[in-house]
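Take a look at the structure below.
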Amino acid sequence: MKRAKRALIIGSFNRGRVLASALMKSGYKVTIIYNQLEKCKILSEIEGLTVIHGDESKPYILEDADAYNADLVVALSQKDEDNLIISELCKKKFNVKKTIAVLNDPCKTELFYKMGVDSVVCDVNAITNLIEQQVLYDGIVKNIPTGDGRINISELPILSGYTSVGKKLWEMRLPKEAIIACIIRGEQIIIPRGDSRIEIGDKLIVIATVQDEMAAIKELTGTL
């Protein structure tokens with residue numbers, strides 16, 4: 001019998017709870033590590049979720065979380081440095097197959113990749129919105145032919161003068177390995193189709209490989 005995939009979520013209460021629920025619905029066995037005992041007690045009420053209280057940057061805590069058998073680790077700490085340390089530990093010491101790190105400063109993206117992080121999410125709100133809309137993160141990763149597995153998920157505000165303003169998605173010549181996964185229009189979240197029209201003030205959630213991200217932004221903005 002094929003074993004369930006295992007995911008380890010580290011460093012966030014609210015986003016960690018949402019992501020854990022999404023991954024469990026998609027068949028993952030999920031463990032979450034958090035450093036506040038009272039919040040851990042709340043998380044432990046979620047059926048099927050394994051919760052460990054402790055400092056997520058400590059190797060022995062990761063051992064307690066069975067990081068050696070994790071297929072996926074998601075580092076969600078508010079500190080970029082912590083997410084890098086956690087990802088490196090999981091990749092190099094525990095041989096985790098796939099590491100994903102949330103990054104608050106997009107200028108550090110290349111550094112994270114050089115240090116061995118598999119995927120970098122540059123916009124926390126973007127991934128949270130996608131999960132809340134039942135677009136499961138793991139499904140997004142699987143559905144993109146990424147080659148070496150590196151993707152960026154970013155939020156692109158549409159400003160006056162951008163070449164995409166007023167156009168339908170089918171009119172945009174996006175690179176093969178780039179998609180617009182979501183359009184945020186005020187309080188409305190739109191799952192786009194080919195005839196969806198881009199308007200000033202929209203925020204586009206763009207998922208692309210590292211190689212195609214800049215080309216996609218150039219096509220949508222007319223800049224760079």
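Computed from the coordinates by the stated procedures, all read-outs in this text should not be read as laboratory data. These numbers come from a predicted model, not from an experiment. For neighbour counting, all protein chains shown are included, and Cβ atoms are generated from backbone atoms with ideal geometry for every residue, glycine included.
Once label points are set 7 Å from the Cα along Cα→Cβ at both Leu159 and Met214, what is their separation, rounded to one decimal in nm?
1.9
Counting DSSP beta bridges with both partners in the chain, what percentage is antiparallel, nearest 5?
Roughly 45 percent of the DSSP beta bridges within the chain come out antiparallel.
From a point 7 Å beyond the Cα of Lys167 in the direction of its Cβ, which residues of the stretch 182-224 have a backbone N at a distance under 14 Å?
Answer for this model: 195-200, 215-224.
Report the gain in length on full extension from Thr223 to Lys79: 0.36 nm times residue separation, minus Cα-Cα distance, nm rounded to one decimal. Mind dumping the intermediate values first?
Working: separation 144, 0.36 × 144 = 51.84 nm, distance 3.08 nm.
Separation in residues times 0.36 nm, less the Cα-Cα distance, equals 48.8 nm.
For a footprinting-style exposure proxy, rank Leu159, Leu220, Leu174, Leu19 by other Cβ within 10 Å, fewest first. Display every interim value, and only then the final one.
Values: Leu159 12, Leu220 22, Leu174 17, Leu19 26.
Least crowded to most crowded, the residues run Leu159, Leu174, Leu220, Leu19.
Filter the chain for me: DSSP H helices, axial length by Cα at least 30 angstrom, mean Kyte-Doolittle hydropathy not below 1.0. List them by residue number. Provide the component values of the computation, followed by the final result.
On the way: long enough: none.
For the chain, where a helix must reach 30 Å along its axis and average at least 1.0, there are no hits.
Provide the per-residue ³J(HN,Hα) series for the stretch 103-111, in order, calculated from phi with Karplus coefficients 6.51, -1.76, 1.60 and θ = phi - 60°, each as a whole number of Hz, with x at glycine and proline positions.
10, 7, 10, x, 5, 8, 4, 4, 4
How much length would be gained if the chain were fully extended between Ile189 and Ile46, taking 0.36 nm per residue of separation minus their Cα-Cα distance, in nm to one decimal?
Details: separation 143, 0.36 × 143 = 51.48 nm, distance 2.69 nm.
That pair, Ile189 and Ile46, stretches by 48.8 nm at full extension.
Give me the distance between the Cα centres of the stretch 19-50 and the stretch 61-99, rounded to whole Å.
Between the Cα centres of the stretch 19-50 and the stretch 61-99 lies a distance of 16 Å.
Ignoring GluC sites (Glu not before Pro) that are buried or in helix or strand per DSSP, and keeping those with at most 13 other beta carbon atoms within 10 Å, what is the longest stretch of the chain between them?
Details: sites that count: Glu45, Glu47, Glu187, Glu199.
Of all site-free stretches, the longest is 48-186.
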